[in-house]
Amino acid sequence: MGAPEVTCKKVNCKNLLNELCDFLDGELDAATVEDVKQHIGRCEDCRLLVDTTRKTIEIFCKSEPVPLPQELRDRLHQALEQRLRGARS
């Protein structure tokens, strides 16, 4: 068996967007990670996008759920029931 295929492609702004989730989740191969790092080192817009997305995820993961007021819960439940009834028709 040969070595696993490594896809090394130069990263631009468009394909950075396509790879962003995998990059932040640590799911890219080493060559692509290096390409992404080089790109965000050169491109301020993409660097800001990566940093902002990373910080947003961190804040969300550290946050506590906010309980919904009962009235809002009831309204949402009713709306879901109506949609489900409509989908079954």
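When the stretch 22-71 is limited to residues that are aliphatic (A, V, I, L, M) and exposed (fewer than 10 other Cβ atoms within 10 Å of the Cβ), the one that is nearest to K10 (Cα to Cα) turns out to be A30. Checking each residue in the stretch 72-81 for being surrounded by 11 or more Cβ atoms within 10 Å (Cβ to Cβ) and either under 19 Å from F23 (Cβ atoms) or of a type in the set (D, E, K, R) (or both) picks out R73, D74, R75.
When E64, E44 are checked against the criterion of being out of contact with any Cys (no Cβ under 7 Å at 6 or more places or on another chain) and at pLDDT 95 or above, a single residue qualifies: E44.
The values are calculated or read from the model by the stated rules, or taken from the named source; none is laboratory data. Bear in mind that the values here come from a model prediction, so they are computed numbers and not experimental data. With ideal geometry, Cβ positions are generated from the backbone for all residues, glycine too; neighbour counts draw on all protein chains shown.
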